[in-house]
Every structure is written in C-alpha cells, then in structure tokens.
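Data first, discussion second: the structure below is written as structure tokens.
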Ligand code: ZN
C-alpha cells in the first residue's frame with residue numbers, strides 16, 4: 001500500500017508541476033507580457049492544461065485509487081493519507097467526465113476571450129465580445145452536461161469553485177441576506193453621505209505601495225515566500241507553498257485602491273502560505289473553496305483592515321507617510337471615509353454593505369442565462385435594469401456595466417460569483433469563532449498585533465488546506481452550518497455605530 005500511495009503522490013506531483021507552470025504563464029500574461037505574446041500564450045496555457053488533464057485522467061490513476069480504497073477505509077477520515085485519497089478520488093471522478101480535448105478548447109477560448117475583453121472594455125464595445133460570450137455560454141452548458149444528475153444546471157459549475165454548494169441553497173441563503181441588507185442600505189443612504197475627500201487627494205504611488213506592503217507583512221504575509229506586482233485586475237496566485245504572489249493596482253488619486261486590494265490579496269495569500277507544508281505538490285495544498293478563500297481576503301481587508309481599532313494604531317503611521325494630505329484629517333473623519341456606504345456601479349469599488357447586492361445581481365443573471373431565460377444580446381440591458389431596480393442606478397455605459405468584471409470573459413458563465421458573498425458570510429462566522437477562543441483579539445488589533453488571530457486562523461482554517469469541504473470546515477470551526485447571523489450582526493454593529501441607525 002505504501003508503494004501504491006507513493007506512486008499516486010508522484011503522479012499528482014507531476015500534474016501539480018504542469019498546473020503550476022500554467023499558473024506562472026497566466027501570472028506573466030496579466031503582469032509583464034507584451035501584447036505580442038498573447039496568441040502563443042493562449043496556446044501554451046491550453047497545451048499545459050491539456051497535458052495535466054491527460055495525466056490526471058490516466059486509467060492508472062483510477063486503478064491506484066481503487067487499490068487504495070481498502071487502505072483508506074482503515075484510516076481516520078481526518079488523516080492526511082485518507083484525505084489525500086478522498087479528495088483525489090472526488091477530483092478524479094469529476095475529471096474523467098470531461099474530455100481532455102474539450103478542456104483544451106475551452107482554455108484556448110477563454111484565453112482569447114480575456115484578450116478581447118481587455119480591448120473591448122476601454123472601447124466600451126460589448127458587440128466585440130458578444131460572440132465570444134455566446135460561445136462561452138454554450139461551452140459552460142456543455143461542461144455542466146458532462147455531469148449527469150444535477151438539480152440545477154449551475155450546480156456542476158458551482159462545484160468547481162465551491163464544492164458541495166448548490167444553486168438552490170445559495171439562492172435561499174442569499175435571499176435571506178438580501179432581506180436583511182436592503183433596509184440597512186436604505187437607512188444609510190437616506191442620510192448625508194460620508195465625506196471621502198480625505199482619501200481622494202493625490203498620493204505618491206511608491207509610498208502607497210510601501211505602506212500597503214508594510215501592513216500586509218505585519219498581518220503575516222511572508223515575503224520570503226511571496227511578492228507583489230502591478231496588474232489591471234488584482235489577484236493572488238500560487239506556484240508552490242513557497243511562492244504565493246499577489247498583484248495590485250494603484251490609483252494616484254484614491255488611497256483606498258491599492259491599500260485595500262493589497263490587504264485583500266494578502267489575505268488570500270496568507271491562507272495558501274498557512275497550509276501544512278507536508279501537503280506541498282498535492283491536491284490538499286490548496287484553499288478548499290472560493291468561498292472560504294474569499295472569507296480570508298475579507299477578514300484581513302474588512303473585518304481587520306477597515307476596523308476602528310486597526311486604524312487607532314495605523315492612522316498615525318499613515319499620517320506620517322502622507323503628512324501634507326492627512327495632517328488636518330481626524331481619525332474619525334478618516335474612518336468614516338474608508339467606510340463610506342453608497343449605491344455605486346462598480347462591484348470592486350463597493351463598500352461592505354452594498355457589495356453583496358452586486359454579487360447577487362451577477363449570480364441571478366448567470367443563472368438566468370444558463371436556464372435559457374436570458375440571451376447574451378439582451379445581457380447589457382438586463383444588467384442595467386437590475387442595477388436600476390436593486391441599486392437605483394443607471395450606468396452611463398457598459399464599461400461601468402456588463403464589461404466591468406473579467407469573470408464571464410475568461411471563464412465559465414456560472415460558478416464564478418457566489419464565492420464572494422459566501423466569503424463575506426463565512427468571514428464573520430470564522431472571526432466570531434476566533435474571538436470566542438481568544439477574546440483579546442480585538443484589543444490586540446488596536447495595538448497592531450495580529451499573531452493571535454493569524455495563529456488561530458492558521459491552526460483552524462489554513463493548515464487543513466483542502467482536507468475538509470467548506471461545509472465540513474464551517475461545521476468543525478463554528479459548531480453549526482452556513483448561516484448569516486454573525487455577518488448581519490457584524491454589519492449592524494459596525495454601521496449602526498457609524499451611521500447611528
Ligand atoms: Zn478575493
């Protein structure tokens with residue numbers, strides 16, 4: 001059995017290496033690659049993805065998993081070996097259902113889609129991507145159809161990023177959340193809007209980057225195993241547990257852009273850096289779902305990075321970095337500025353309270369597209385209509401509408417957005433559990449100390465990697481299922497105070 005397990009691990013390691021090389025090509029495509037590299041790059045990434053897929057669906061892998069079944073059954077569910085076999089088997093059973101040829105074509109298609117979107121967006125030209133999106137919708141449906149027995153056609157697509165989460169349950173939890181959020185947004189936006197002019201002055205780019213990276217390191221982001229570069233659409237990526245990178249974008253006239261994107265991506269990166277090093281190169285060495293991943297970016301960006309306590313410690317340092325701009329701005333005014341709530345058009349700029357409404361619009365639209373209730377050509381209008389009804393806003397163009405997010409242009413339609421709101425819900429669940437274990441955490445944040453929180457998250461959430469599904473992890477860490485109570489409590493407490501609700 002030991003020999004068979006070693007053979008399985010060796011095969012998984014080679015697959016991991018191919019995927020890591022593809023990830024590096026993708027990182028380069030989004031950071032430093034000159035435009036002329038685009039056509040070949042799409043093909044190269046497709047080739048690597050296809051090789052990895054072919055290696056993984058090799059019948060020899062299936063045979064090893066069969067032979068290891070009796071060994072797995074003798075082990076504890078939580079043991080590393082049992083978990084590796086279990087998680088690999090689930091991935092394998094899914095992977096064999098998708099032909100390698102289809103995946104290769106799909107990756108080539110999305111690489112092309114990304115390039116077209118990158119040009120169509122500044123040109124405000126939805127027509128330029130309409131055909132690509134039509135094909136994406138077709139291919140997303142085809143992909144889902146490879147998995148028989150689903151309840152909703154989005155379920156197999158959701159399962160890729162949030163395993164075991166179902167469209168029906170997500171719709172239910174999200175609608176509970178919407179019922180709570182709408183009156184809060186209403187009550188806040190009836191008031192005088194917060195003044196965010198203090199953060200909308202001119203700030204030197206290098207100083208912005210330096211401040212953000214200092215905070216990320218104080219949080220616990222390890223630069224011996226990471227780095228930050230600039231891109232258009234910030235993301236985190238990993239080539240091994242020893243090389244977990246983040247990207248950001250800087251706006252000279254908006255202090256919040258680079259800072260909070262750095263803290264957000266550092267949260268993602270700390271999750272990956274915190275995974276048990278013994279899992280290196282195996283399927284366990286990944287965050288377990290997009291929802292849990294997003295819970296960690298949101299914890300560090302919002303629950304910590306936009307808290308009053310955090311800024312009691314860091315605001316004097318920020319004032320020292322930007323004395324001209326901030327010397328006359330009180331902490332309270334700054335705190336209100338970075339937590340300004342407003343109805344806005346752009347998801348990535350949205351505040352904590354309205355953010356989830358943006359996500360719900362996207363989820364609903366993609367479910368409608370998959371259900372054949374909404375055609376691609378009608379998508380821009382449907383988008384504008386939902387923003388008018390849900391957020392009371394009409395976008396002046398598709399740049400601030402359906403062209404704003406990369407997801408549908410560079411991936412599937414379906415399965416890409418639910419993780420953001422699941423993440424917000426889960427962030428409060430986990431932070432609540434951490435605070436119950438260590439009530440001193442909030443006071444420590446006010447002193448610029450994050451070791452207790454980071455340590456608790458590492459032990460309870462990061463170390464297991466993909467060993468447990470999101471639902472299992474939530475049950476283990478919080479003693480109950482996915483629920484919105486702690487998140488709503490968090491929002492009501494924080495914004496109740498800020499806006500005297
Ligand atoms: Zn994120």
Query raised in the report: Of the residues 359, 399, which single one is out of contact with any strand residue (DSSP E or B) (no Cβ under 6 Å at 6 or more places or on another chain) and buried (at least 19 other Cβ atoms within 10 Å of the Cβ)?
Result: 359
Query raised in the report: Has region 383-403 got at least one residue that is within 23 Å of residue 265 (Cβ to Cβ), within 16 Å of the ligand (Cβ to nearest atom) and not in a helix (DSSP H, G or I)?
Result: no
Query raised in the report: For the subset of region 231-248 comprising residues that are in a strand (DSSP E or B) and more than 18 Å from the chain's Cα centre (by Cα), which member is farthest from the ligand (Cβ to nearest atom)?
Result: 240
Query - Unique residue being within 27 Å of the chain's Cα centre (by Cα) and either surrounded by fewer than 18 Cβ atoms within 10 Å (Cβ to Cβ) or over 24 Å from residue 104 (Cβ atoms) (or both) when the list is 35, 59 - result: 35
Report summary line: Taking region 293-337 and the residues there that are under 24 Å from residue 183 (Cβ atoms) and surrounded by 21 or more Cβ atoms within 10 Å (Cβ to Cβ), the one that is farthest from the ligand (Cβ to nearest atom) would be 303
Report summary line: Expected output for region 257-274 (first residue in contact (Cβ under 8 Å) with a residue 24 or more places away in the chain and farther than 19 Å from residue 286 by Cβ, partner within 11 Å of the ligand (Cβ to nearest atom) and not in a helix (DSSP H, G or I), Cβ below 6 Å, 6+ apart or cross-chain) is 261/234
Report task. Return yes or no: is residue 89 in contact with a helix residue (DSSP H, G or I) (Cβ under 9 Å, 6 or more places away or on another chain) and surrounded by fewer than 16 Cβ atoms within 10 Å (Cβ to Cβ)? Result -> no
Report summary line: Counting only helices (runs of 4 or more DSSP H) wholly inside region 411-479, the ones holding at least 1 residues that are within 30 Å of residue 142 (Cα to Cα) and in contact (Cβ under 8 Å) with a residue 40 or more places away in the chain are 418-437, 470-478
**Report entry** Of all residues making up region 363-382, the number that are under 24 Å from residue 396 (Cα atoms) and either touching a strand residue (DSSP E or B) at 6+ places or on another chain (Cβ under 7 Å) or outside any helix (DSSP H, G or I) (or both)
**Finding:** 2
Query raised in the report: What are the residues in region 58-82 that are in a loop (DSSP other than H, G, I, E, B) and either modelled with pLDDT under 95 or under 15 Å from residue 5 (Cβ atoms) (or both), if any?
Result: 68, 75, 79
Query - Yes/no for residue 289 being crowded, with 24+ Cβ neighbours inside 10 Å, under 19 Å from residue 162 (Cβ atoms), away from the ligand (no atom under 12 Å from the Cβ) and modelled with pLDDT of 95 or more - result: yes
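The values are calculated or read from the model by the stated rules, or taken from the named source; none is laboratory data. None of these values were measured; they are calculated from a predicted model. Cβ sites come from the backbone with ideal geometry, for glycine too, and all protein chains shown count toward neighbours.
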